[in-house]
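Structure record follows, encoded as structure tokens.
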Amino acid sequence: MAFAIASSIPPASLVVAVSEVAKAAWDMFQAKDNSPEKSQAKFQLLMGIICVIPGIGGGFRLAFKSLIRKPQYYGPVMFDVVVAILEEANRLFKMDLPLNPEKYLTQMIDVPMLQGYLDEVREKCVAELNDYTAARWLGLPEKLDGFLREISKQLATIIEDILAPAVRIAIERCIMRRKNSAKTSNTTSKNTNQGTGTTNKGNSKPTVSKSQGNLTARIRSKFNNINMNFVIGGVGEHIADYYCLEKLGWGKDHWDGHDKYRQGTWRTEPSSISLGKLNEGYKLNKNHAIGNEDGIDGFWRADPLNNQGKKYAVIEAKATTGVARPTTKYVASKLGVLKKKHEGKPIIQMDHHWVQERIKIEIAKLPKSINNDFRSGKIGNSMYTRHIIVVSLLVDPGLSHIDALLNDKSELDHTRHDGTEGIVIHKYGEPTIENIIKAKRERLENKGKKNKSKK
């Protein structure tokens, strides 16, 4: 099946892409908001943009159409499909693409990359219209150029609404399938108490508490096709967003729409002057099962009075089904580490290099006034304060939120977003965050030394 898709792909065609993008843009213009026709037009727009990608665009276009049509069937085998597309592109077009399906699937929902290809299509569309005297006389090239530029600004929202959830779930299902197929029959069995969700070794104490074990089992039962980190991560990001809004007061009086996500509105849109969330299309996260994987969880125009005198705040949200501890070592253990390095050192989540690379992406989507604050791309740590918020789902507010998600309750059942029990950790500013980064770096170095000593 995978090779059938790959072998049927046409070469990526700018002509096809221009036609598809132009038609989709016109359909979007005509369709009513929230209508099936508008959603279909947005999907066709994305497919047209993806079609431009050299060598592999046509294959991914077909693969995504299959995925959206039959997600249960194609989701778990998307890695196979992508590998087949890459192999076929290498064979047909003499390319040398590494066979990394997860990387390429993630790239297909990368906003800046797709915006670049949309700009390429826009320039081609406008150039073709300029060849016609009647079109120039009617001002059509300028109108199309303006409309496609406006669509480019909305691209992050379109991707997140239409394609990103399906791609992320497909990645998770493929990873789960890979892990399941890699299990061996000679795995050492553990003495597990199924009734309490605890694991015992001899007379040692349980490694997992009864409440944590039960909660973990409930989450895995409800969301058996989604990585649990995505489930609890989504809850953590929702609580962190509303903690910043309500507890820290960054735009509290301007946001209308708890748990409405894309349907929520700002009475005064966040800007270089007005407080509020700036990333993810200015929208606060819904209490849902998919979290932010790679980017900044929250980029806010903050109040300098509770943000160490700085206008902007960078938020990293973490969630746990266990007990969260307000120690430097514990918070450091929750941070991720990138495979690549910077100046010979591992890049740690929330270190300044990690933050600044992602701020560049965010401010490229934001108004000129915010870009001016960051001195036209020269981003220094004097402009922002870093925050790490860790939420335990064993107590409120985390408990009420995960309970609402597991039991399909309304947004009225999880309205509390602060408290000394649930959000036991809110670390922010210098030197606090830098000490956490330092602790993480020391742990990595000690681990590296131990591994060398074993060799």
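Could you tell me whether Val121 is in contact with a Ser or Thr (Cβ under 9 Å, 6 or more places away or on another chain), surrounded by 13 or more Cβ atoms within 10 Å (Cβ to Cβ) and β-branched (Val, Ile, Thr)?
Details: in contact with a Ser or Thr (Cβ under 9 Å, 6 or more places away or on another chain): no; surrounded by 13 or more Cβ atoms within 10 Å (Cβ to Cβ): yes; β-branched (Val, Ile, Thr): yes.
No, not satisfied.
Only one of Gln356, Gln308 is part of a helix (DSSP H, G or I) and over 15 Å from Gly233 (Cβ atoms); which?
Result of the check over Gln356, Gln308: Gln356.
Filtering Ala63, Ala89 for residues that are in contact (Cβ under 8 Å) with a residue 24 or more places away in the chain, touching a Gly at 6+ places or on another chain (Cβ under 6 Å), small (Gly, Ala, Ser) and open to solvent by less than 10 Å² (accessible area, probe 1.4 Å) leaves a single hit, Ala89. Annotation note: Cβ proximity below 8 Å between a residue of segment 23-40 that is hydroxyl-bearing (Ser, Thr, Tyr) and a residue that is modelled with pLDDT of 80 or more (sequence gap 6+ or interchain) occurs for Ser39/Asp161; Ser39/Ile162. Being assigned to a loop (DSSP other than H, G, I, E, B) and of a type outside the set (Val, Ile, Thr) is the filter here; which residues of segment 320-343 pass it? Across segment 320-343, the qualifying residues are Gly322, Ala324, Arg325, Pro326, Lys334, Leu335, Gly336, Glu343.
Go over the candidates Ile370, Ile388, Ile363, Ile402 one by one and state the one that is crowded, with 18+ Cβ neighbours inside 10 Å and either aromatic (Phe, Trp, Tyr) or at pLDDT below 90 (or both). Explain how you work it out, then say what you get.
On the way: Ile370 fails: either aromatic (Phe, Trp, Tyr) or at pLDDT below 90 (or both); Ile388 fails: either aromatic (Phe, Trp, Tyr) or at pLDDT below 90 (or both); Ile363 fails: either aromatic (Phe, Trp, Tyr) or at pLDDT below 90 (or both).
Only one candidate passes the filter, namely Ile402.
All conditions in (1) in a loop (DSSP other than H, G, I, E, B); (2) open to solvent by less than 10 Å² (accessible area, probe 1.4 Å) hold for Ile239, with the sole exception of (1). The number of residues in segment 405-433 that are open to solvent by 60 Å² or more (accessible area, probe 1.4 Å), of a type in the set (Ser, Thr, Tyr) and modelled with pLDDT of 85 or more comes to 1. Name every residue in segment 86-106 that is modelled with pLDDT of 85 or more and under 14 Å from Arg61 (Cβ atoms), in order of residue number. Tyr104, Leu105, listed by residue number.
From the list Val21, Val77, Val82, the one residue that fits, being at pLDDT 85 or above, among the hydrophobic types (A, V, I, L, M, F, W, C) and either open to solvent by 10 Å² or more (accessible area, probe 1.4 Å) or more than 24 Å from the chain's Cα centre (by Cα) (or both), is Val77.
What do you reckon, is Ile437 at pLDDT 65 or above, within 19 Å of Glu246 (Cβ to Cβ), open to solvent by less than 50 Å² (accessible area, probe 1.4 Å) and of a type outside the set (D, E, K, R)? Judged against the criteria, Ile437 is not a match.
Filter segment 258-299 down to the residues that are of a type in the set (Gly, Ala, Ser) and more than 21 Å from the chain's Cα centre (by Cα) and list them by number.
Here is the first cut: in segment 258-299, the residues of a type in the set (Gly, Ala, Ser) are 264, 271-272, 274, 276, 281, 289, 291, 295, 298.
Passing the criteria: Ser271, Ser272, Ser274.
The values are calculated or read from the model by the stated rules, or taken from the named source; none is laboratory data. Values in this document were obtained by computation on a predicted structure and should not be read as measured data. Neighbour counts are summed over all protein chains in view; Cβ atoms, including those assigned to glycine, are modelled from backbone coordinates with ideal geometry. These area figures cover heavy atoms from the full protein model, side chains too; ligands, DNA and RNA do not enter into them. Shrake-Rupley method; radii C 1.70, N 1.55, O 1.52, S 1.80 Å.
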